[in-house]
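Right, one structure below, let's go through it.
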Amino acid sequence: MKILVTVKEVAEAEDDFEIDGLDIDERYLEYDLNEWDDYAVEEAVTIAEDGDDVEVVSVTIGPERAEETVRMALAKGVDRAIRVWDDDLESADMLDVGTKADILAAVVEEEDPDLVFSGVQANDDGFGATGVALAEVVDMEWGAVVNDLDLDAEGGVAHVHRELEGGVEELTDIELPAVLTIQTGINEPRYASLRGIRQAQRKPLDVQGLGDLGLDASVLESAVSRTAMFEPESESDVTVFEGGAEEEAGQLADLLRDKGVVEG
Amino acid sequence: MTDVLAVTEHRRGSLRDVSFEIVTAGRKLADAQGGDLHLAVIGGDVESFADELNVEGVDTIHTVADGEEFNHDVYTQVVEQLYADVAPTTLLLPNSVNGLDYAPAVAERLDVPIVTDAVGFDHDGTLEVTREMYASKVATTVEVDADEAVVTIRPSEFAKAEGEGSADVQSFDADVDESAVRSTVTGFEEVGGGDVDISEADVLVSVGRGIEEEENIELVEALAETLGATLSSSRPIVDAGWLPKNRQVGQSGKVVTPKVYLAIGISGAVQHVAGMKGSETIVAINTDPNAPINDLADYAIHDDLFDVVPALIEEFGGESPL
Ligand SMILES: Cc1cc2nc3c(=O)[nH]c(=O)nc-3n(C[C@H](O)[C@H](O)[C@H](O)COP(=O)(O)OP(=O)(O)OC[C@H]3O[C@@H](n4cnc5c(N)ncnc54)[C@H](O)[C@@H]3O)c2cc1C
Ligand SMILES: Nc1ncnc2c1ncn2[C@@H]1O[C@H](COP(=O)(O)O)[C@@H](O)[C@H]1O
């Protein structure tokens with residue numbers, strides 16, 4: 001069995017940041033493996049450890065910088081990695097959902113996995129859509145926001161829980177092959193061990209351009225473009241307590257007493 | 001072609017709030033385009049749902065009597081067929097958990113671009129969607145340079161439409177190919193029960209990822225005890241197993257409306273806010289003055305929780321464990 005995990009290196013804004021044109025100024029961005037993808041990697045690696053002959057492959061669309069993140073996934077037990085990038089991607093403005101799905105679909109077609117795991121959402125652009133769009137492009141079945149998975153590979157079905165709103169979970173049987181978008185809390189992602197980190201250096205990390213995947217720059221044409229970025233207007237007029245921790249705690253204590261909160 | 005088609009959502013016999021919010025959003029967009037608002041309700045008791053949905057602003061309601069509960073394979077097929085019939089310019093779907101489970105597939109099948117999690121729109125010739133990025137730290141305008149688009153709307157962002165409506169209710173005969181239904185919903189399960197009900201509490205001390213380590217949870221426990229308050233948390237604390245599921249505030253946890261909500265080391269992600277924005281007084285303790293929780297808070301302290309919380313415990317005569 002083969003499991004393909006889509007992983008994204010996401011950018012997080014520092015506490016204080018500046019917007020430069022259509023994006024946050026690079027200087028204020030920090031990069032990390034997307035939280036949801038960390039759970040997706042763990043889920044795949046656990047299945048591989050518990051089963052016979054399960055290969056876990058990760059794929060990312062991202063620049064060279066993302067290799068650090070990809071190596072982290074390899075260190076956690078992914079067997080080999082694919083990174084899709086080339087000059088055309090480098091000069092593209094924004095990868096919308098349809099574009100990402102088309103590119104990932106070309107990788108799915110090449111790898112022919114039984115299962116694809118992606119994250120529920122990428123914490124930077126937060127489309128929450130790439131996994132399900134991919135399923136449709138490659139004509140696989142799917143399930144979104146999966147927080148429990150019981151895989152019956154022989155029976156060709158995944159018994160999943162989908163986490164709905166308000167503490168309700170939906171129990172669903174999904175035919176394989178399928179794309180599942182993984183929700184946080186489904187497992188406990190491991191930390192990479194030192195041994196894992198060393199091994200990761202020797203694992204294959206294959207860089208492919210659009211041409212290698214049988215695609216060309218036309219896949220990057222998109223009707224969706226970002227035309228502005230701004231800091232949201234604050235709706236509340238918040239009172240900020242200042243003057244150091246002691247002083248602030250004192251003011252907060254007065255407020256709480258005023259609201260009827262007393263020693264418990 | 002200037003119409004908007006919006007799809008409603010129901011679960012276990014009841015329409016969800018987003019079904020009425022999508023009417024408000026859809027009406028606004030239909031007006032901007034100078035078109036009609038079509039609403040669809042799929043599965044369950046569609047007749048009585050249509051009655052309820054017949055609120056001000058809706059022009060036509062399409063009832064599609066296929067299935068009881070949501071199934072993405074059925075919804076995808078039905079919406080595709082309804083779309084062909086109504087021929088709208090914009091298809092509006094909820095950015096709910098079930099919306100996440102079919103909206104992207106519908107967009108792909110229709111070969112129409114999708115923009116998710118909209119918090120606002122504008123339309124003067126070109127559709128412009130406002131959505132957030134970087135965990136709600138910034139907002140963006142996204143332009144869709146196409147004749148048609150699929151847009152999903154953020155739940156609880158638009159007001160619920162009300163008032164007596166005069167929509168034309170039509171039943172739509174969809175042709176569902178059962179062989180393409182490759183997933184089956186077998187049931188539902190309630191999670192997060194137990195002895196503590198955080199939605200009953202007057203005062204909540206709520207802790208987020210800013211607490212850093214499991215060992216530090218005792219600090220906020222001590223604060224809650226000192227204040228006679230109940231301890232709750234954001235999702236990562238529960239995901240990590242540091243507190244049980246019944247303590248989680250938010251979209252997938254509990255909705256709380258205490259007199260005082262003390263958010264300690266919580267950024268204020270939209271799914272968290274969904275569970276606590278109805279609190280009477282919100283206080284945030286967060287080192288980051290730009291964290292979205294500040295937009296919601298009535299009072300804020302932009303300082304290290306490891307300094308502020310011990311001092312607060314002492315203010316109330318307690319003893320800080322750290
Ligand atoms: C489908 C779905 C459902 C979800 N449901 C929920 C839900 O029900 N509830 C929920 O909470 N989330 C939910 N989430 C997750 C949500 O998107 C966020 O990831 C989560 O709320 C973040 O939790 P947090 O604020 O504790 O962590 P973070 O976003 O990491 O924020 C930590 C904060 O702590 C601050 N901080 C750090 N150190 C200190 C310090 N020393 N002193 C003071 N402040 C400090 C930081 O500035 C930061 O603002 C859901 C997500 C999805 C996709
Ligand atoms: N550039 C990318 N490369 C690989 N996977 C991605 C990329 N962008 C998104 N994904 C996957 O799709 C999921 C949802 O992302 P999004 O739809 O952008 O919120 C992520 O958790 C990833 O698993």
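Key figures for this structure:
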{"quantity": "Average silhouette area of the range A:193-261, convex hull of alpha-carbon atoms, in square nanometres", "calculated": "13.2"}
{"quantity": "Helix-only mean residue ellipticity at 222 nm for chain A, each DSSP H run of n ≥ 4 adding -39500 (n - 2.57), per residue, nearest 500", "calculated": "-8000 deg cm²/dmol"}
{"quantity": "Longest to shortest principal axis, alpha-carbon extents of the range A:45-125, angstrom", "calculated": "42, 25, 23"}
{"quantity": "Anisotropy class of the range A:2-220 from Cα gyration tensor, a/c 1.5 cut", "calculated": "rounded"}
{"quantity": "Solvent-free Debye scattering, log10 I(q)/I(0), computed from the Cα coordinates of the protein assembly as shown at q = 0.07, 0.08, 0.09 Å⁻¹", "calculated": "-0.42, -0.56, -0.72"}
{"quantity": "Prolate/oblate/rounded label for the range B:137-184 (Cα gyration tensor, a/c 1.5)", "calculated": "oblate"}
{"quantity": "Residue-wise HN-Hα coupling along the range B:209-225, computed from phi with Karplus coefficients 6.51, -1.76, 1.60 (Hz; x: Gly, Pro)", "calculated": "4, x, 6, 6, 10, 4, 4, 7, 4, 4, 5, 6, 4, 5, 5, 4, 5"}
{"quantity": "Residues A:Asp38, A:Asp79 arranged by fewest to most Cβ contacts within 10 Å", "calculated": "A:Asp79, A:Asp38"}
{"quantity": "Cα gyration tensor, the range B:57-168 - rounded (a/c under 1.5), prolate or oblate", "calculated": "rounded"}
{"quantity": "Amide H contacts under 5 Å for B:Leu127, placed H, 5+ residues apart", "calculated": "B:Val144, B:Ala146"}
{"quantity": "Whole-Hz couplings from phi, Karplus 6.51/-1.76/1.60, listed for the range B:48-57; x for Gly and Pro", "calculated": "6, 4, 4, 4, 5, 7, 7, 9, 4, x"}
{"quantity": "Amide H within-cut-off set for B:Thr287, under 5 Å, with H built and near neighbours excluded", "calculated": "B:Asp303, B:Leu305"}
{"quantity": "Interchain or long-range residues, amide H under 5 Å from A:Val157's placed H", "calculated": "A:Asp152, A:Leu176"}
{"quantity": "Average beta-carbon neighbours from other chains, 10 Å sphere, peptide A:139-152", "calculated": "3"}
{"quantity": "Value of [θ]222 nm, deg cm²/dmol, for chain B, DSSP H segments ≥ 4, -39500 (n - 2.57) each, nearest 500", "calculated": "-7000 deg cm²/dmol"}
{"quantity": "HN-Hα J in Hz across the range A:75-84 - Karplus 6.51, -1.76, 1.60, θ = phi - 60°, x for Gly and Pro", "calculated": "5, 7, x, 5, 7, 8, 10, 10, 10, 9"}
{"quantity": "Across A:Lys2/B:Lys254; A:Lys100/B:Lys277; B:Lys28/B:Lys259; B:Lys137/B:Lys160, pairs whose alpha-carbon gap is larger than 31 Å", "calculated": "A:Lys2/B:Lys254; A:Lys100/B:Lys277; B:Lys28/B:Lys259"}
{"quantity": "Fewest-first sequence of A:Val78, B:Val249 by Cβ atoms within 10 Å of each Cβ", "calculated": "A:Val78, B:Val249"}
{"quantity": "Rg ratio (alpha-carbon, reference 2.2 N^0.38 Å) - chain B", "calculated": "1.13"}
{"quantity": "Pairwise centroid distance, computed over Cα atoms, of the range B:130-182 with the range B:36-77, Å", "calculated": "13"}
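Every number here is computed from the coordinates shown, using simple stated rules; none is lab data. Every value quoted in this text rests on a predicted model; they were computed, and no experiment measured them. Don't worry about glycine lacking a Cβ; one is built from the backbone with ideal geometry, like all the others, and counts go over all protein chains shown.
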